[in-house]
Each structure stands twice: as C-alpha cells, then as structure tokens.
Amino acid sequence: MKPPRQFYQALALGAPAPLRELPLRLERMIHFVPPHVDKLRAKVPELARQVDVILGNLEDAIPIEEKVSARAGFIAMAKATNFGDTGLWVRINALNSPWALDDITEIVAKAGDRLDVIMLPKVDGPWDIYYLDQLLAQLEARHKVQKPILIHAILETAQGVNNVEAIATSSPRMHGMSLGPADLAASRAMKTTRVGGGHPDYKVLADAAAAGGERAAAQQDLWHYTIAKMVDACAAAGIKPFYGPFGDFSDAAACEAQFRNAFLMGCLGAWTLHPSQIEIAKRVFSPDPGEVAFAKKIVAAMPDGAGAVMIDGKMQDDATWKQAKVLIDLARLVATKDPAMGQRYGLG
Ligand code: GLV
Ligand code: MG
C-alpha cells in the first residue's frame with residue numbers, strides 16, 4: 001500500500017495530477033460500437049446524442065483480422081465526433097494479448113485528449129492496474145494530455161473477484177468496474193452458455209413434505225453474490241459499479257430484470273450491446289418518478305436530515321433521509337441530460 005501522501009502524486013513528470021473526486025457524470029448505459037464497421041461508425045454522431053457513454057470495442061467480438069482496423073476506426077471516430085457531454089470510452093484488448101500495447105500507445109498518442117475512460121478486460125488483481133496506471137502517466141506526459149484518463153476494470157475472472165477490493169483501491173485513476181458474466185462464467189467453470197441473466201436450472205424447490213402435490217420451484221439469481229461483492233468494494237472505495245452485457249437481444253423482459261436487479265443493488269448503469277437495450281437502460285437506471293416524489297417528501301419533512309417522522313405510515317429517520325438523497329441526487333443528474341424526465345421529477 002502506498003503512503004497516503006504519495007497516492008495522489010502523478011506517476012510521471014509532466015503527467016496531469018490524478019483526480020481526487022470522480023467527475024459527476026450520468027452513465028446509465030455504456031453503448032458498445034464495433035469501430036471497424038464503417039456503417040456503424042457513421043451512426044456514432046447520432047448515437048452520441050441518445051446515450052450517456054459511447055465505447056469503442058477493440059476486444060472480444062472483434063475478429064482477429066480486424067483488430068488493427070478497429071483501433072484505427074476508434075481513433076478516427078474519436079477525432080471526428082463532437083461527443084458533447086456524452087462520455088467516450090474504449091475497451092482495449094487484454095494486457096496479455098498481442099494488441100494491448102499498441103492499443104494503449106496509439107490511442108493515447110492520437111486521441112488521448114478526447115478519451116475519458118479505458119475499459120480494461122480480464123483484470124486479475126491490482127498489478128494489472130499498476131501497470132496500466134504507470135504506462136498511461138508516461139504517455140500522458142509525452143503527449144501532453146491535459147486530463148487524466150480513467151481506468152474501468154471488467155470483473156470477469158475468479159481471481160479478479162477474489163481481489164476485487166484491492167483492485168477497487170489500486171489507483172486514483174480507477175473509475176469503476178463492470179461485471180463480465182460471460183468470461184466470469186468460463187473462468188469459474190459455471191455450466192451456462194448464457195451472457196448474463198438467470199438459468200432455469202438454478203432454483204430452489206419447495207420442501208417435499210410441505211408441498212404435498214406439485215412442488216413449487218423458484219429460479220434464483222446466479223449473479224447476486226458477485227454483484228453484491230462488487231458493489232460493496234466499489235462503494236467502499238468511492239468508485240462506480242456497473243452491470244455488463246446481456247446477450248439475449250430477443251428477451252427484453254429478462255434484460256430489464258437483470259438491469260433492474262443491478263440498479264436496485266447499487267449499480268449505476270449497464271452495457272448496451274444492441275440499440276434495443278438503450279431504452280431499457282434509460283428506463284431502469286433513471287429513478288422512478290414515484291420514488292423520487294416520495295424521497296422529496298422525506299427531505300421536505302426532515303430538512304436537516306435528523307430525527308424521525310412518519311410519512312404515509314412509514315417510519316423515516318436519518319438513514320432513510322440518506323436513501324432519499326441518493327434518489328434525488330440521481331434524479332437531478334438525469335434531469336441535466338433529459339429535460340423531459342426532469343419535468344416528471346418536478347426538477348425541470
Ligand atoms: C464481458 O466481457 C463478459 O465476458 O461478460
Ligand atoms: Mg469478457
């Protein structure tokens with residue numbers, strides 16, 4: 001562990017100082033774009049107005065023979081597009097791949113000032129972050145990048161889950177992390193080929209003696225433990241937790257249920273791999289206007305956040321006041337990007 005005074009020092013002479021607070025940004029969906037496909041890249045300016053974050057994907061799902069053109073496509077799109085207040089992220093290839101070094105060096109050299117966040121896949125431990133952190137500082141100094149590029153880890157290996165707290169606190173460059181259910185399932189030898197969501201065979205049966213005739217069964221959540229562990233690690237470190245991909249584009253209801261579980265447990269957003277998932281993420285990760293209205297009642301009844309009151313038969317105290325603040329702060333952030341939602345929250 002670094003001594004506290006050193007933690008916030010730049011890792012290279014001339015690199016921008018690490019951030020003490022993360023920028024306040026709405027990141028309900030991280031929308032994946034394959035940058036080697038010209039037709040899809042051409043849609044990026046329009047997409048950038050609809051989503052909170054655009055991510056150029058260079059890793060899995062990009063064919064090996066397109067790795068270099070995807071990188072070039074990302075740099076071109078980063079330079080050509082005005083992203084406004086929409087974030088620009090890139091998912092680079094894993095550090096042990098033949099492409100990672102060129103992904104990092106070329107992108108920082110040619111588009112470092114446009115880039116907000118690098119998503120790093122298959123993070124096993126803090127050592128992966130230390131390496132990228134140091135290299136980014138050297139490259140930022142060399143290319144005179146003005147603001148530090150943040151790192152977002154994908155939690156998708158059993159080792160990564162074991163080391164999640166150390167990863168979360170490894171560097172002031174840490175933006176947050178996303179659960180990667182496909183690679184994590186493979187790494188753990190889970191017996192599912194699905195990308196996120198539940199599995200019908202992962203269930204609990206009603207007790208045989210008590211049930212009498214047909215035994216009721218309830219499907220359980222395969223991801224509950226990992227999401228909870230990730231949310232605690234991120235919240236404790238002051239960084240942001242996200243749910244990752246949902247692979248069955250034909251099942252909007254299951255996608256919404258997976259996103260909603262993640263939202264309720266503390267995640268701030270999810271990946272959208274298909275345009276149909278954008279509206280789902282927007283709906284799920286913007287707080288419900290009814291909940292916001294109730295939260296406003298709590299804050300109005302307890303302006304200094306202390307004591308206890310009853311509202312609609314429900315007990316409110318210092319803790320529920322803090323819960324209410326979480327919802328109202330998020331509603332305010334949504335209202336800055338989405339005036340129609342702002343009106344529904346009464347914050348317009
Ligand atoms: C995402 O990268 C995953 O493996 O689920
Ligand atoms: Mg993965």
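Results, tabulated for the structure shown:
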| item | result |
| --- | --- |
| Number of positions in segment 181-206 that are aliphatic (A, V, I, L, M) and part of a strand (DSSP E or B) | 2 |
| Among the candidates SER178, SER170, residue that is within 24 Å of HIS31 (Cβ to Cβ), open to solvent by less than 20 Å² (accessible area, probe 1.4 Å), among the hydroxyl-bearing types (Ser, Thr, Tyr) and outside any helix (DSSP H, G or I) | SER178 |
| Only one of TRP223, TRP127 that is at pLDDT 95 or above, within 15 Å of ligand 1 (Cβ to nearest atom) and of a type in the set (Phe, Trp, Tyr) | TRP223 |
| Evaluation of ALA61 against (1) open to solvent by less than 10 Å² (accessible area, probe 1.4 Å); (2) on the phi > 0 side of the Ramachandran plot; (3) not basic (Lys, Arg) (one fails), failing number | (1) |
| Single unsatisfied condition, THR226 versus (1) open to solvent by less than 70 Å² (accessible area, probe 1.4 Å); (2) over 16 Å from the mean Cα position of the chain (by Cα); (3) not small (Gly, Ala, Ser) | (2) |
| Count of segment 132-167 residues which are without any contact (Cβ under 8 Å) to a residue 60 or more places away in the chain, open to solvent by less than 10 Å² (accessible area, probe 1.4 Å) and within 16 Å of ligand 1 (Cβ to nearest atom) | 3 |
| Count - residues of segment 185-209 that are open to solvent by less than 80 Å² (accessible area, probe 1.4 Å), within 24 Å of the chain's Cα centre (by Cα) and of a type outside the set (A, V, I, L, M, F, W, C) | 7 |
| Among residues of segment 190-234, those that are of a type in the set (A, V, I, L, M, F, W, C) and touching a helix residue (DSSP H, G or I) at 6+ places or on another chain (Cβ under 9 Å), counted | 11 |
| Residue that is touching a residue at least 60 places away in the same chain (Cβ under 8 Å) and open to solvent by 50 Å² or more (accessible area, probe 1.4 Å), where the choices are ARG5, ARG20, ARG41 | ARG20 |
| Count of residues meeting criterion [within 16 Å of ligand 2 (Cβ to nearest atom) and over 13 Å from the mean Cα position of the chain (by Cα)] in segment 165-180 | 1 |
| Of residues in segment 261-285 being part of a helix (DSSP H, G or I) and touching a Leu at 6+ places or on another chain (Cβ under 9 Å), the one farthest from ILE30 (Cα to Cα) | ALA262 |
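The values are calculated or read from the model by the stated rules, or taken from the named source; none is laboratory data. In this text the structure is predicted, and so the values were computed from the model without any measurement. All Cβ positions, even for glycine, are placed from backbone atoms using ideal geometry, and neighbour counts span all protein chains on display. Heavy atoms of the whole protein, side chains included, go into the accessibility calculation; ligands, DNA and RNA do not. Shrake-Rupley method; radii C 1.70, N 1.55, O 1.52, S 1.80 Å.
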